[in-house]
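Below you'll find the structure, written out as structure tokens, and then a few comments.
The values are calculated or read from the model by the stated rules, or taken from the named source; none is laboratory data. What you are looking at is a predicted structure, and each value in this text was computed from that prediction instead of being measured. Note that each Cβ is placed from the backbone with ideal geometry, even for glycine, and that neighbours are counted across all protein chains shown.
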């Protein structure tokens, strides 16, 4: 009996292999003191905020929090005040990541909807934030979720080569760094990581899976992940990349000390802004394309004007603009 040959890779999968691969002599080495220098710089810059927090309180910082506050502060405040509710669109990412995780160790043919069904069943019986919603959502919501998640998992399997265990694949990997005696916590959850460090020589690749098009904030998000992982392990990732499933295209960036220090400066600036807003400072409005989905849009003259609506002419206002 002979083992079946693995299916040939398509050009997009070959492109991913070319992106991820690197010879040992192509992998940078970093000084063992780097993480201590980065931590000291962060803690010094955030010390005034940490010292001003109420006793037994901590400020938690995620990539979304930083991206939000560095965008329109008005939208940041509006989303913060909006009660969260699960929808098929919001649950999609959680289901897709679980399905991708299952695909790494799945025996037999990888059928996207089978992976999605198994992911939904496992998460419904778990104690995750989405579990209650999965157990009680309507059949129409369940069907919509299955459809959109199946499409995303199909795109992933089409674009990525099978993830071998020897690549150390991790989905939904948790990152955390406690700073200033735990008063400020940097946290995140990576979509996919491959590889690992070899001592102080970088080897890990951090990947964010995206739909739609490129945004500069995607690069900043990955730099934040690289920073937190460096604080954890001491050795930075070798590479970070946003991978756009719709176009089968990667936007990679090599991780350097300069990239990490840029992430430090952006994190400090974001923490200061968040603390000022929490203290009552008036938010700075920065209109742009995201205005279309801002919960404050119906009452935001700046956002409506940016989108071409006259805030003084209510009969011209169309609520459909809220739909993404």
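Some notes on this structure:
Let's see how each residue does on (1) at pLDDT below 95; (2) surrounded by 15 or more Cβ atoms within 10 Å (Cβ to Cβ):
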| residue | (1), (2) |
| --- | --- |
| 144 | no, yes |
| 148 | yes, yes |
| 175 | no, yes |
| 184 | no, yes |
| 189 | yes, no |
| 202 | no, yes |
| 205 | no, yes |
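- Only a single item in (1) in contact with a helix residue (DSSP H, G or I) (Cβ under 6 Å, 6 or more places away or on another chain); (2) at pLDDT 95 or above; (3) within 21 Å of residue 196 (Cβ to Cβ) is not met by residue 233, and it is number (1).
- Subset of the range 272-322 [modelled with pLDDT under 85 and in contact with a helix residue (DSSP H, G or I) (Cβ under 8 Å, 6 or more places away or on another chain)]: 309, 310, 311, 317, 319, 321, 322
- Here residue 172 fulfils each of the conditions (1) touching a residue at least 24 places away in the same chain (Cβ under 8 Å); (2) part of a helix (DSSP H, G or I); (3) in the same structural domain as residue 210 (by TED's automatic domain parsing) apart from (2).
- Across the range 178-186, a minimum of one residue is classified as free of Cβ contacts under 8 Å to residues at least 60 places away in the same chain, in the same structural domain as residue 48 (by TED's automatic domain parsing) and either in contact with a strand residue (DSSP E or B) (Cβ under 9 Å, 6 or more places away or on another chain) or under 16 Å from residue 100 (Cβ atoms) (or both).
- Subset of the range 254-278 [surrounded by fewer than 18 Cβ atoms within 10 Å (Cβ to Cβ), over 21 Å from residue 70 (Cα atoms) and in contact with a strand residue (DSSP E or B) (Cβ under 9 Å, 6 or more places away or on another chain)]: 254
- Residue match in the range 108-128 (condition: under 17 Å from the mean Cα position of the chain (by Cα) and over 30 Å from residue 33 (Cβ atoms)): no
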